[in-house]
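The values are calculated or read from the model by the stated rules, or taken from the named source; none is laboratory data. Note that the structure is a prediction, hence the values are computed from the model and not measured. Neighbour counts are summed over all protein chains in view; Cβ atoms, including those assigned to glycine, are modelled from backbone coordinates with ideal geometry. In case anyone asks, the SASA skips ligands and DNA or RNA and just uses the protein heavy atoms, side chains included. Shrake-Rupley method; radii C 1.70, N 1.55, O 1.52, S 1.80 Å.
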Amino acid sequence: MHFSRQFFSHRLIWLALLVSLGIGLLSARTVWTMRADGWDYASRTNANLASTLERSIGDSIRSLDESLKGVVAGLERPEVMALPPEIRSGVLFDSSLQVPGAGAVLVVDAQGNVVLHSSTLTPQQANFADRDYFLALSKDPQLGLHVGRPVPSRMSGRAILPLTRAYHHRDGSFAGVVVGAIRLSYFDGLFGSLDLGAGSSVDLYRTDGLPISRFPRAADDAYANIAGTAALARLQSAPAGTHGAEPEGAGGARHLQAWKHVGSYPLVVNVAQSGDTVLAKWYRSAWVLGLFSLLLMAGCVGLAMLFVRELRRRQAVSAELRVAERDRQTILDNLPSLVSYWDADLHNRFANSAYGTWFGVSPEQLRGRHCRDLLGPAQYAMCEPFVRSALRGERQLFECTVVDKAGVQRHALVSYVPDVEGGAVRGVFSQTIDISDRKRMEEQLFEEKERIRLTLQAIGDAVLCTDAQGQITYLNPVAERLTGWQAFDAAGSRVEAVVRLQEPGTDKPLPSALHSAIQGHAPETPVRGVVQHRTSGQRFEVEETARTITDRHGTVTGAVAVLRDVTEAVAMQARMAHLAQYDALTDLPNRLLLQDRAHLAVAHARRDGRCLAVMYLDLDGFKAVNDRLGHDLGDRLLVQFAQRLKAAVRGSDTVCRQGGDEFVVLLPGLDGAEGACSVARKILAAAASPFELGGEALRIGLSGGIAMFPGHGASFEELTQHADAAMYAAKRAGRLQFMLYAGPDTAPQPIGPPESE
């Protein structure tokens, strides 16, 4: 026995040494794999950076090119070029020219002279006949977009990349060039935002090898042309790719390069990262992993030696193990789950008493029987793949349905744990838990959640849910429409960032009703406010209500808010309020508003001892205009007359449309009748000019009457009656005039020209 224990101890030490050697070999392989993975990751990252830069540069060039096409289209249209300079410049150089990094747009004629400038109506005199793009497009006007050589701008002095297109005369001959430009500082800013490490760079080349931009820019190779080099051949070999997977030469590590051609344009962006930068993290990891492996190997050997020492003590505790085995069986028999052990041939070694409840077989009857005999052919066929995987050393956890001896269907959670010793699987521990109740609860919970989800999606109000800290957990589709946030974007965000409730009219931020609800101060009535859409800026007036969500112990776990969109209702209320006081056709005050202002003006005039006047106006021959030209042009005549009438009076005066072609003018704050007569003359002069109706110049007259407070009446009603009587007296006297009311027994007085006339 002593010899066998000594032999086993020696074999265990040799095994620990082999495991340590395996750990060392595995660590070495891991270090090498980490190096390859780090290099591959850097290749993918640089390729993604190149793609991102290509999209940014391509979008800028594409946007500027579309604008240049629009300018060319405008230049080739005679009607555009015939417009006045201010309008023509607005048509040619619209807001679409505002491209990030883009400079001004120039129009150059066939001799190379600048004739138009997007920023000024009087362009600076300059000639671009010597530029490479001018020479190229003049030789081949159908060339399309030409990407020129980077040059200093003759207008601003900045280094630019010119983008040009030719435009043509009506006969198709070359007429000149439209020149756009992207500032090279734009590329420097774009490339400078990347952190590639020391010794790395980002380059933008033309496909013929001409350098456009480099960051960082070195003094010795700032504008080195790579035409004819292997580097250019590599960049031209494919639309996108990477190169330099391994460093070569002693101390001469190459850059890891990733390039991508910019759309269909003759440009290629190249990201070159230093190999030392790529492998810097790997160097640190290799040292750490190597030291850890050495410690692990030493620990493995040390543990083996400790285990040998402890082996000698096993005999002393063997009796205790037998007691523990008996206790284990007792515990297993009292577990609510099925626990068993099956050897490598799937014959039972032990089982607890729960098998008798499920299958009607005692542990003694089950011992030594095959698993197939217990489960039956159909159930065994379902479980067999999991059992085979467990015998290969793989833990298994799955759910299945079992029919017990009483014919009751049970949902079970089955766990297979391999019993591995010395690298071989000796058997499988099996545990089966009855989860039928949990399954029923899950189904009920799912159905309840589905009903709630469909209900929230179907209602017409916006619903937001937060946790107890005020972070968004749910938005329904209506809330997404109002706020501009998608539910997955808003999840985890503060409620103030998603729903900024502002006070209508002042845009003053309102306290969050959700936070108030969480703190136990939820407003009892809905809070009226404005919500602004995240992207479009559209504003919605809403009414917000909020309530807390509590668990069964009454602890606040979150809150829910409902936002009702009342934008249309508020707009309709404002519109109805406006229509209640203003005429729908002319937007002049109606009778109701006139009466309110008139009563107030009479009260002020009586208090201040001043006068006011009420004028009644009527268009002469308006019915004939309606009959001859139609009601639409008649309405247009009323609108034009209302505008002239408002222009002829003071801002403090009130012009009202009574109905049809009748108008009333209230003139408060007068010193006497002469002030009203002066306004009447202005109105007659304003109506004397012809009205443009349907391409026809139409003259139309008016008749009017004036009544003065307090001489012609003590109330607004008396003044309107007397002004109306004076107006009809003017019509009977030949029209085209105003008459001033003189009394019940006196004929109204016609208003003559001013005394100076």
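The table for this structure:
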| item | result |
| --- | --- |
| Rounded to the nearest 20 debye, dipole of the chain from Cβ charges on Lys, Arg, Asp, Glu | 2620 debye |
| Backbone N within the stretch 50-75 under 20 Å of label point (7 Å from THR229 Cα along the Cβ vector) | 50 |
| DSSP H segments from the chain that extend 27 Å or more along their own axis, Cα-based, with Kyte-Doolittle mean of 0.5 or above | 275-311 |
| In sequence order, calculated HN-Hα J values of the stretch 541-557 (Karplus, 6.51, -1.76, 1.60; Hz; x Gly/Pro) | 8, 10, 10, 10, 10, 9, 9, 8, 10, 10, 8, 5, 8, x, 7, 6, 10 |
| Inter-site label distance for ALA36 and ALA198 at 7 Å from Cα along Cβ, in nm | 3.0 nm |
| Rounded Å value of the spacing that divides the Cα centres of the stretch 584-625 and the stretch 419-437 | 98 Å |
| Surface accessible to a 1.4 Å probe, per residue, for the residues of the chain, Å² | 54 Å² |
| List ASP671, ASP37, ordered by accessible area with a 1.4 Å probe, largest first | ASP671, ASP37 |
| Carbon + sulfur, % of accessible area of the chain - ligands and nucleic acids excluded, 1.4 Å | 55 percent |
| Cα→Cβ-extended label distance, 7 Å offset, between ALA468 and LYS439, nm | 3.5 nm |
| From phi via Karplus (6.51, -1.76, 1.60), per-residue ³J(HN,Hα) for the stretch 418-434 in Hz, x at Gly/Pro | x, 9, 9, 9, x, x, 10, 8, 7, x, 9, 7, 10, 9, 10, 10, 6 |
| Table column - 3J(HN,Hα) (Hz), the stretch 409-416, Karplus curve with 6.51, -1.76, 1.60, x for Gly and Pro | 7, 10, 8, 10, 9, 10, 10, 10 |
| Kirkwood hydrodynamic radius (C-alpha pairs) into Stokes-Einstein, the chain, 4 °C and 1.567 mPa s, D in µm²/s | 34 µm²/s |
| Percent of C-alpha pairs per 10 Å bin, the stretch 511-666, short to long | 9, 23, 18, 16, 15, 11, 6, 2, 0 |
| Trypsin sites (Lys or Arg not before Pro) within the stretch 401-509: DSSP coil, no more than 13 neighbouring Cβ in 10 Å | LYS405 |
| Rough spin-label spacing in nm, given labels placed 7 Å along Cα→Cβ, for THR207 and ARG426 | 7.0 nm |
| Low-density loop positions, GluC sites (Glu not before Pro), the stretch 494-567 - DSSP coil, at most 15 other Cβ in 10 Å | GLU524 |
| Solvent-accessible surface (1.4 angstrom probe) belonging to PHE709, in square angstrom, nearest 10 | 10 Å² |
| Calculated FRET value between ILE452 and ARG628, using beta carbons and R₀ = 51 Å, to 0.05 | 0.15 |
| Space enclosed by the convex hull of the alpha-carbon atoms of the stretch 328-383, per residue, Å³ | 80 Å³ |
| Distant-in-sequence amide H partners of SER213 (H built 1.01 Å from N, under 5 Å) | LEU204 |
| Full-extension gain in nm, GLN643 to ARG528, via 0.36 nm per residue minus C-alpha separation | 37.6 nm |
| Those trypsin sites (Lys or Arg not before Pro) in the stretch 113-154 that DSSP places in a loop and that have at most 14 other beta carbons within 10 Å | ARG154 |
